[in-house]
Every structure is written in structure tokens, then in C-alpha cells.
Amino acid sequence: MIEIERKFSVKSTTFLANAKKSYKIKQGYLNSDKNRTVRVRIKGDKGYITVKGLSTNNGVERFEWEKEISIQDAEALMLLCEDYIIDKTRYVVLNGDAVFEVDVFEGLNEGLVIAEIELQTADEHFFKPDWLGDELTGDIRFYNAYLSNHPFSTWVG
């Protein structure tokens, strides 16, 4: 499957007024190579394993395959992950017909808030809410695989 997604910084917490639900996510990487990442995720009481391919030049599209696994398997695989485990709270935010997923990072990535929107086509138009900041699509520093090896708290300036 091809995932089509755009990422943005978040400049205010006003998105919370339109948040329909939230849940904790813990994720780690068995492989964070940019050509093929393998992620283990615990979302609420469910486990997942995900393989992602290399992004297109503009960072909007890439192959993604995900399978639900038992929470026990996810917890066991988490022990094999590289470097840092990512902890975040994800908010599902409705904005007209669009659904944004806003991640508020915790732990070593605390202070970072990123919004993502999945699209049907790379050129699909959507309304940008006031709380949305600069576009981060294609900037590898804001990929979770990068953040698992280079936490936001270690960035200089």
C-alpha cells in the first residue's frame, strides 16, 4: 500500500477543542534505515508491526505495510529496538472533512508537536486550520525513525 501523508508543526494548543479522542503510543524501531524502516508500536492495548519504504523525493508518498500483533509480542519486540523508544499522545482532530493526527511527544522528544494528515492523492486540497504551522513533509528530522535515534531534546539551536 502507498501512504500519502503531509506533516506540519503545530503552533498552538487550540487543536484540542476539536480533538475527538486521544491515546498513548509507544513505539520503537527494529530497523531505522531510511530505505526500509521496521517499527513496533503499542497503541492503547494493541500491538502492531509496520514496515515502511523509502519516501518519494517530496516526502509525501511511501510504501507502508502494517499488521496487528499481540500486545505480548509487541512488548517482547520492543526490547530489541534501537536506541530510544518514542512516547507520545496522539489526538485525532477533526477539521471540516479532514482528519488530523496530532502527536504530542513526551520523554526525550518533549516539546515537539507534529500534525499529520493522510490524503487520497498527493495533490488533494484541504483546509489548513489556524493552529497548523510550517510544513515539515519530507524533512527527515521529523520522521519518528529519526527521532528515535536523534531525540528532539538533543538538537542544538
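A few notes on this one:
- Looking only at segment 76-118, and only at residues there that are touching a strand residue (DSSP E or B) at 6+ places or on another chain (Cβ under 7 Å) and acidic (Asp, Glu), the one that is farthest from SER9 (Cα to Cα): GLU82
- Any hit, segment 50-62, residues being of a type in the set (Asp, Glu), buried (at least 17 other Cβ atoms within 10 Å of the Cβ) and either closer than 28 Å to ALA122 by Cβ or free of Cβ contacts under 8 Å to residues at least 24 places away in the same chain (or both): yes
- Identity of the residue in segment 9-45, β-branched (Val, Ile, Thr) and in contact (Cβ under 8 Å) with a residue 24 or more places away in the chain, that ends up surrounded by the most Cβ atoms within 10 Å (Cβ to Cβ): VAL40
- Of the strands (runs of 3 or more DSSP E) lying entirely inside segment 54-149, those containing at least 3 residues that are aliphatic (A, V, I, L, M) span 86-95, 98-105, 113-118.
- Annotation for segment 89-101: at least one member residue is surrounded by 13 or more Cβ atoms within 10 Å (Cβ to Cβ) and among the acidic types (Asp, Glu).
Each value in this text was obtained by applying a stated rule to the coordinates, not by laboratory testing. Treat the numbers as computed from the prediction; the structure is a model and nothing was measured. Please note: Cβ atoms are built from the backbone with ideal geometry, for glycine as well, and neighbour counts cover all protein chains shown.
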